[in-house]
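Visitor: Handing you a structure now.
The values are calculated or read from the model by the stated rules, or taken from the named source; none is laboratory data. None of the values given here were measured: they were computed from a predicted structure. All Cβ positions, even for glycine, are placed from backbone atoms using ideal geometry, and neighbour counts span all protein chains on display. The accessibility values were calculated without ligands, DNA or RNA, using every heavy atom of the protein model including side chains. Shrake-Rupley method; radii C 1.70, N 1.55, O 1.52, S 1.80 Å.
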Amino acid sequence: MFFQIFYLIKFIFIRLNRKIDEASCKKFISKEKLKNFEKYIYSNEERKKILLNTQNKLNILGNPLKLTSIKFYAIKIALALFFFLLSCFAKRPFYISLLIIIIAFFLIDIIYYFSNLDDNKKILYDLPDICDILNVQTSAGVGLGTALCEVYDIPKCKRLKNALIELAAQINITKNPADAMDRFVSKFNLIELKSFAFSIKQALQTGKSKDILNKQSDILKANNIFRIQERTKKIDSQLALIAVIIFFGVILFVVYSFSIQLNENLINIFK
């Protein structure tokens, strides 16, 4: 249910971002003015550093709404102001208005966090398959660098697929798989993916790709099994808690009904 709401909000923001882009083509907001505004924003070194760091963080989180750092902050401020005005007209208590404004300001951050979390879960299930395919190809005599160029169609995660396509292009252009792997892994904040990239670089340096890829695949599969077990335990605990709540709810309902009936009988006796 949560992820359905999340994807709905994500869709709305993509459409909103598209409308902003379309609106920017209007006569009274020329592209030249926008460029001048961006130049002014980036003219200050401190502002430039903050914006570049923000852009880097957005990219690491996958940037699902395709925002620049300037648009990111503009939308955050616009949302906060919109809900501030809405709260003023609604005449809500101050603490409720403040809470709504804070949530509105960090809404995009929340969307990006859960989008990245969802991507990371998918990537964790894709990595063992990638390791296995690379192992098969290298065992067949295909170079690891070449094999990396042919695994982009394996992942189910669109973000990982796109990153692997870029990885394949960089390997073909630069002929340097190690540097291409560094660029590839810098687009994610997943420890397992960094471990995978480190293993690939080790395999490229030592030439022992079969052993390294086998070990990496076994580790990833074991971790996935552990996560599934933990998730199963969590679901079992939640179901047990729901069962206990329902049980006590039924007991309270029975006791309440019995007490009402008893009360009515006592009133009839002492009339």
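Visitor: Hey, Ala243 hits all of (1) at pLDDT below 75; (2) of a type outside the set (Phe, Trp, Tyr); (3) open to solvent by 70 Å² or more (accessible area, probe 1.4 Å); (4) farther than 30 Å from Cys157 by Cβ but one; which does it fall short on?
Guide: Looking at each condition in turn, Ala243 falls short on (3).
Visitor: Please go through the stretch 69-95 and give me each residue that is open to solvent by 60 Å² or more (accessible area, probe 1.4 Å) and among the β-branched types (Val, Ile, Thr), ordered by number.
Guide: Ile77
Visitor: How many of the residues making up the stretch 35-62 are in contact (Cβ under 8 Å) with a residue 40 or more places away in the chain and either touching a helix residue (DSSP H, G or I) at 6+ places or on another chain (Cβ under 7 Å) or of a type in the set (S, T, N, Q) (or both)?
Guide: Count: 4.
Visitor: Answer yes or no as to whether Ile110 is under 30 Å from Lys39 (Cβ atoms), modelled with pLDDT of 90 or more and either touching an Asp or Glu at 6+ places or on another chain (Cβ under 9 Å) or not aromatic (Phe, Trp, Tyr) (or both).
Guide: Against the criterion (under 30 Å from Lys39 (Cβ atoms), modelled with pLDDT of 90 or more and either touching an Asp or Glu at 6+ places or on another chain (Cβ under 9 Å) or not aromatic (Phe, Trp, Tyr) (or both)), Ile110 does not qualify.
Visitor: Restricting attention to the stretch 149-175, report how many residues are β-branched (Val, Ile, Thr) and within 19 Å of Leu124 (Cβ to Cβ). Before the answer, list the steps.
Guide: We begin by selecting, within the stretch 149-175, every residue β-branched (Val, Ile, Thr); these are 151, 154, 165, 171, 173-174.
Restricting the remaining residues to those that are within 19 Å of Leu124 (Cβ to Cβ) gives 151, 154.
Residues meeting the conditions: 2.
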